[in-house]
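> Dumping the structure here so I can ask a few things about it.
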Amino acid sequence: MTHSPAGQELFLEEMRRLGCDVSRETRDQFEVLLHTLGRWQKAINLVGKGTLPEAWTRHILDSAQLLPLIPTKARTLVDLGSGGGFPGLVLAALQPTLEVVLIESDARKGAFLAEAGRRMGLRNEPKVIVSRIEAAPPAPADVITARALAPLGQLLAWAAPHRAAAAICLFHKGKSWQSELAEAMKDWDIESQPFSSVTDRDAVLLRVAQFRAKSLRDR
């Protein structure tokens, strides 16, 4: 798999703008992740094929831009529907103090995640749980992430069992994020804040600090 030579430089430039320095060790880990992704992509669909040449921006940067939004005191992170490892494996490399749990229903993708995490040589290797999200055992986390997975209301239902006290959710959302939020608020009380994506002018990173099903509000 080949990548645009400018891709890594653009990634580093954008991360500096976000106030994040990326070490050589971490860059090497991302190279290993992308190499492993390229091998596995030939057998199973982990990411859109057309995105591979721009993987440094389309996947690594798109995931890494969450880093400044993660509270400094966060110790645990659960990534729902981890697929190709974005953002879970990227954040595990950037924030090695985090205990990361990757939940993925497809056993083949789960095997990829385990191999990629092992080959990357992460200091705190993520735990991979192969299970449907709604059937996965609760894994209380300070941060819950999901990328290109499901409508917001469904994400909140899936995230609820995995919340620790004062947990936040960080969800990648596309141009229809406002309508998704409005729809979700029919069933949920939600405290949220959007942040502009650096990889897509129409997309946001939606930070959800508090949420509660309206059906539980008056109990």
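> Residue check: is Ala209 in a strand (DSSP E or B), out of contact with any Lys or Arg (no Cβ under 8 Å at 6 or more places or on another chain) and at pLDDT below 95?
Numbers: in a strand (DSSP E or B): yes; out of contact with any Lys or Arg (no Cβ under 8 Å at 6 or more places or on another chain): yes; at pLDDT below 95: no.
For Ala209, the condition - in a strand (DSSP E or B), out of contact with any Lys or Arg (no Cβ under 8 Å at 6 or more places or on another chain) and at pLDDT below 95 - is not met.
> Among the residues of the stretch 106-113, is there at least one that is part of a helix (DSSP H, G or I), touching a residue at least 60 places away in the same chain (Cβ under 8 Å) and in contact with a Gly (Cβ under 6 Å, 6 or more places away or on another chain)?
yes
Rundown of residues vs (1) within 25 Å of Gly7 (Cα to Cα); (2) of a type in the set (A, V, I, L, M, F, W, C), yes/no style:
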site: Lys173; (1), (2): yes, no
site: Glu180; (1), (2): no, no
site: Met185; (1), (2): no, yes
site: Ser192; (1), (2): no, no
site: Ser197; (1), (2): yes, no
site: Asp200; (1), (2): yes, no
site: Leu205; (1), (2): yes, yes
site: Val208; (1), (2): no, yes
site: Ala213; (1), (2): no, yes
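> Something else about it: Among the numbered criteria (1) without any contact (Cβ under 8 Å) to a residue 60 or more places away in the chain; (2) within 25 Å of Ser192 (Cβ to Cβ); (3) surrounded by 24 or more Cβ atoms within 10 Å (Cβ to Cβ), which one does Thr72 miss?
For Thr72, the failing item is (3).
> Would you confirm whether or not the stretch 69-87 contains a residue that is at pLDDT below 95, out of contact with any Pro (no Cβ under 6 Å at 6 or more places or on another chain), of a type in the set (Asp, Glu) and under 28 Å from Asp202 (Cβ atoms)?
Within the stretch 69-87, not a single residue is at pLDDT below 95, out of contact with any Pro (no Cβ under 6 Å at 6 or more places or on another chain), of a type in the set (Asp, Glu) and under 28 Å from Asp202 (Cβ atoms).
> Take the residues of the stretch 155-180 that are in a strand (DSSP E or B) and without any contact (Cβ under 8 Å) to a residue 24 or more places away in the chain: which is surrounded by the most Cβ atoms within 10 Å (Cβ to Cβ)?
Arg163
> With the requirement that a residue be of a type in the set (S, T, N, Q) and loosely packed, with under 14 Cβ neighbours inside 10 Å, what does the stretch 190-209 give you? Lay out the reasoning, then the answer.
The initial filter retains those residues of the stretch 190-209 that are of a type in the set (S, T, N, Q), namely 192-193, 196-197, 199.
Residues satisfying the conditions are Gln193, Ser196.
> Can you find, within the stretch 34-48, the residue that is modelled with the lowest pLDDT among those that are part of a loop (DSSP other than H, G, I, E, B) and either within 19 Å of the chain's Cα centre (by Cα) or among the aliphatic types (A, V, I, L, M) (or both)?
Looking at residues that are part of a loop (DSSP other than H, G, I, E, B) and either within 19 Å of the chain's Cα centre (by Cα) or among the aliphatic types (A, V, I, L, M) (or both), I get Gly48.
> Going by the structure shown, is Pro126 within 29 Å of Arg212 (Cβ to Cβ) and surrounded by fewer than 24 Cβ atoms within 10 Å (Cβ to Cβ)?
So Pro126 does not fit the description; no.
> What pairs can you find where one residue is in the stretch 181-192 and without any contact (Cβ under 8 Å) to a residue 24 or more places away in the chain and in a strand (DSSP E or B), the other is of a type in the set (Val, Ile, Thr) and surrounded by 14 or more Cβ atoms within 10 Å (Cβ to Cβ), and their Cβ atoms are less than 8 Å apart, with a gap of 6+ or different chains?
These pairs meet every condition: Glu191/Val208; Ser192/Val208.
> Pairs needed: first member in the stretch 12-31, modelled with pLDDT of 95 or more; second member anywhere, exposed (fewer than 15 other Cβ atoms within 10 Å of the Cβ) and not in a loop (DSSP other than H, G, I, E, B); C-beta distance under 8 Å; at least 6 residues apart or different chains.
Hits for this filter: Leu18/Pro68; Gly19/Pro68; Cys20/Pro68.
> If a residue must be touching a residue at least 60 places away in the same chain (Cβ under 8 Å) and surrounded by 17 or more Cβ atoms within 10 Å (Cβ to Cβ), how many such residues does the stretch 37-68 contain?
Qualifying residue count for the region: 10.
The values are calculated or read from the model by the stated rules, or taken from the named source; none is laboratory data. Remember, predicted model here, so these are calculated numbers, not experimental data. With ideal geometry, Cβ positions are generated from the backbone for all residues, glycine too; neighbour counts draw on all protein chains shown.
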